[in-house]
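Following: one structure in structure tokens, then a few remarks.
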Amino acid sequence: MSGERDTGERARRAPRLLEIRDLRVRFRTRDGVVRAVDGVSYSVDRGRTLGVVGESGSGKTVTALTLMGLSRAPNATISGEILLDGEDLVRAPAERLRAIRGKRAAMIFQDPLSSLHPLYRVGWQIVEAIRAHDDVSREVARRRAIDALGDVGIPNPAQAVDSYPHELSGGMRQRAMIAMALALDPELLIADEPTTALDVTVQAQILELIREQQEQRRMAVVLITHNLGVVAEMADEVAVMYAGRVMERASLETVLEAPEHPYTWGLLQSVPRLDAPRSERLTPIPGSPPSLVSPPAGCPFYPRCRYRPEIAATVSPALAESEPGHVVACHLPHEERRAIWRRLQERDALLSA
């Protein structure tokens with residue numbers, strides 16, 4: 001029994017594989033300073049999936065690119081911490097980031113056609129990625145590339161390895177991107193809108209493929225998407241981002257069944273429901289996301305919020321714990337947020353009856 005307790009205690013003390021703390025990314029432009037990421041914090045463990053959701057421009061992708069060391073530029077200012085197994089990537093030199101990128105942390109980009117070089121064969125690109133990190137011959141790397149293509153379900157991988165990107169379908173190109181990302185057996189996989197522009201059946205296949213590879217390799221996955229259906233299918237935890245900040249973070253079950261931020265309510269109510277009458281209109285979130293050059297002085301969601309208290313006009317709410325494992329950035333009291341969500345559910349139930 002004491003051995004079991006010791007093991008459990010060590011597991012509780014073990015650091016998260018990825019932990020982002022108060023990350024801020026700003027870009028100087030002619031129009032002013034763009035606050036692309038404004039104090040983001042989240043974490044993910046090995047074998048777990050974090051879904052990061054929000055509208056376009058909410059900072060989801062910039063956070064991931066910064067993790068990979070791809071947002072460093074002369075006009076960029078980056079602060080905070082990105083800890084990968086305890087190592088801070090924000091302060092790591094470029095050479096160290098090149099060693100980590102692809103080997104320990106890999107990324108599937110949104111558009112495989114623009115991410116894969118059109119003038120080089122798919123296999124050649126995977127071989128170069130392998131040889132950039134592992135001291136192996138081109139022949140050995142080619143065999144590993146063929147194995148990687150086979151692992152992601154590409155038919156006849158020995159032939160597909162010599163294909164150009166334009167010779168593959170959208171789904172096969174996405175699989176090739178996943179093969180390249182997994183070829184070096186990374187600990188962390190970032191999937192940025194991995195099913196965009198794919199038809200529904202191919203989307204399901206890609207998501208199932210990522211899930212299978214995660215289970216086999218015990219990877220941590222950060223899934224970036226605006227599709228709540230994808231999140232519901234894949235994620236263990238969810239971080240809801242808006243205007244460069246995390247508005248709410250909790251387990252998947254909590255975000256879907258007991259959300260507490262008005263922006264999360266808006267996202268959930270704008271999703272079509274099978275149990276709703278066909279004539280019922282969706283409930284959109286009014287207004288548009290704020291400018292990241294001149295964001296609101298208080299809560300960034302204040303101009304679009306239906307339930308806004310006056311303090312939110314001038315004071316930005318801190319991300320605070322509502323209950324264990326559930327953090328929310330909102331000035332509304334906890335009980336009032338719970339009561340509003342219950343009323344919204346009751347209303348939806350009456351409309352569906």
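Quick check on the stretch 214-223. Is at least one of its residues in the same structural domain as ASP38 (by TED's automatic domain parsing), crowded, with 24+ Cβ neighbours inside 10 Å, within 18 Å of the chain's Cα centre (by Cα) and under 29 Å from PRO296 (Cβ atoms)?
yes
Could you list all residues from the stretch 142-170 that are more than 17 Å from GLN213 (Cβ to Cβ) and not in a helix (DSSP H, G or I)? Walk me through it before giving the result.
From the stretch 142-170, those more than 17 Å from GLN213 (Cβ to Cβ) are 142-143, 155-156, 158-170; that's our starting set.
Of everything in the stretch 142-170, those that are more than 17 Å from GLN213 (Cβ to Cβ) and not in a helix (DSSP H, G or I) turn out to be PRO155, ASN156, VAL161, ASP162, SER163, TYR164, LEU168, SER169.
Can you find, within the stretch 171-201, the residue that is nearest to ALA235 (Cα to Cα) among those that are outside any loop (DSSP other than H, G, I, E, B) and charged (D, E, K, R)? Show your work before the answer.
Within the stretch 171-201, the subset outside any loop (DSSP other than H, G, I, E, B) is 171-182, 188-192, 200-201.
From the residues that got through so far, the ones that are charged (D, E, K, R) too are 173, 175, 192.
Details: ARG173: 24, ARG175: 20, ASP192: 14 Å.
Among residues in the stretch 171-201 that are outside any loop (DSSP other than H, G, I, E, B) and charged (D, E, K, R), the one nearest to ALA235 (Cα to Cα) is ASP192.
Would you mind stating whether VAL222 is assigned to a helix (DSSP H, G or I), among the β-branched types (Val, Ile, Thr), closer than 30 Å to SER316 by Cα and out of contact with any helix residue (DSSP H, G or I) (no Cβ under 6 Å at 6 or more places or on another chain)? Explain how you work it out, then say what you get.
Details: assigned to a helix (DSSP H, G or I): no; among the β-branched types (Val, Ile, Thr): yes; closer than 30 Å to SER316 by Cα: yes; out of contact with any helix residue (DSSP H, G or I) (no Cβ under 6 Å at 6 or more places or on another chain): yes.
Considered against the rule, which asks whether it is assigned to a helix (DSSP H, G or I), among the β-branched types (Val, Ile, Thr), closer than 30 Å to SER316 by Cα and out of contact with any helix residue (DSSP H, G or I) (no Cβ under 6 Å at 6 or more places or on another chain), VAL222 comes out as no.
Would it be correct to say that SER56 is modelled with pLDDT under 95 and not aromatic (Phe, Trp, Tyr)? Even if it seems obvious, please write down each step before you answer.
Values: modelled with pLDDT under 95: yes; not aromatic (Phe, Trp, Tyr): yes.
Considered against the rule, which asks whether it is modelled with pLDDT under 95 and not aromatic (Phe, Trp, Tyr), SER56 comes out as yes.
If only one of VAL246, VAL315 is touching a strand residue (DSSP E or B) at 6+ places or on another chain (Cβ under 7 Å) and farther than 18 Å from GLN345 by Cβ, which one is it?
VAL246
In the stretch 42-90, what residues are more than 12 Å from the chain's Cα centre (by Cα) and among the aliphatic types (A, V, I, L, M)?
MET68, LEU70, ALA73, ALA76, ILE78, ILE82, LEU83, LEU84, LEU89, VAL90
Within the stretch 1-29, how many residues are modelled with pLDDT of 95 or more and farther than 30 Å from PRO194 by Cβ?
1
Exactly one condition in (1) under 20 Å from LYS60 (Cα atoms); (2) in contact (Cβ under 8 Å) with a residue 40 or more places away in the chain is false for GLU233; which is it?
(2) is the only condition that GLU233 fails.
Could you please tell me which pairs satisfy a Cβ distance under 6 Å, a separation of 6+ or placement on different chains, a first residue in the stretch 183-196 that is more than 15 Å from GLU215 (Cβ to Cβ), and a second residue that is among the polar types (S, T, N, Q) and in a strand (DSSP E or B)?
GLU193/THR225
Can you find a residue that is at pLDDT 95 or above, part of a loop (DSSP other than H, G, I, E, B), buried (at least 16 other Cβ atoms within 10 Å of the Cβ) and β-branched (Val, Ile, Thr) anywhere in the stretch 69-90?
Yes, that holds for at least one residue.
Yes/no matrix, rows are residues, columns are (1) assigned to a strand (DSSP E or B); (2) in contact (Cβ under 8 Å) with a residue 12 or more places away in the chain; (3) not hydroxyl-bearing (Ser, Thr, Tyr):
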| site | (1), (2), (3) |
| --- | --- |
| ARG16 | no, yes, yes |
| GLU19 | yes, yes, yes |
| VAL25 | yes, yes, yes |
| VAL34 | yes, yes, yes |
| VAL37 | yes, yes, yes |
| SER41 | yes, yes, no |
| GLY47 | no, yes, yes |
| GLY57 | no, yes, yes |
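Looking at (1) within 26 Å of THR196 (Cβ to Cβ); (2) surrounded by fewer than 22 Cβ atoms within 10 Å (Cβ to Cβ), which is the one condition that is false for VAL40?
The one condition VAL40 does not meet is (2).
Inspect all residues belonging to the stretch 238-245 and state whether any of them is farther than 30 Å from ILE210 by Cβ, of a type in the set (Gly, Ala, Ser) and surrounded by 12 or more Cβ atoms within 10 Å (Cβ to Cβ).
Here is the first cut: in the stretch 238-245, the ones farther than 30 Å from ILE210 by Cβ are none.
No, the stretch 238-245 has no match at all.
If you go through the stretch 164-180, how many residues are crowded, with 18+ Cβ neighbours inside 10 Å and either out of contact with any Gly (no Cβ under 8 Å at 6 or more places or on another chain) or on the phi > 0 side of the Ramachandran plot (or both)?
Within the stretch 164-180, the subset crowded, with 18+ Cβ neighbours inside 10 Å is 165, 168, 171-180.
From the residues that got through so far, the ones that are either out of contact with any Gly (no Cβ under 8 Å at 6 or more places or on another chain) or on the phi > 0 side of the Ramachandran plot (or both) too are 165, 168, 171-174, 176-180.
Count: 11.
Which of the residues spanning the stretch 312-353 are surrounded by 14 or more Cβ atoms within 10 Å (Cβ to Cβ) and of a type in the set (Val, Ile, Thr)?
VAL315, VAL327, VAL328, ILE340
Hey, THR195 hits all of (1) hydroxyl-bearing (Ser, Thr, Tyr); (2) crowded, with 17+ Cβ neighbours inside 10 Å; (3) farther than 30 Å from ARG16 by Cα but one; which does it fall short on?
For THR195, the exception is condition (3).
The values are calculated or read from the model by the stated rules, or taken from the named source; none is laboratory data. In this text the structure is predicted, and so the values were computed from the model without any measurement. Cβ coordinates were reconstructed from backbone atoms using ideal geometry, including for glycine residues, and neighbour counts include every protein chain displayed.
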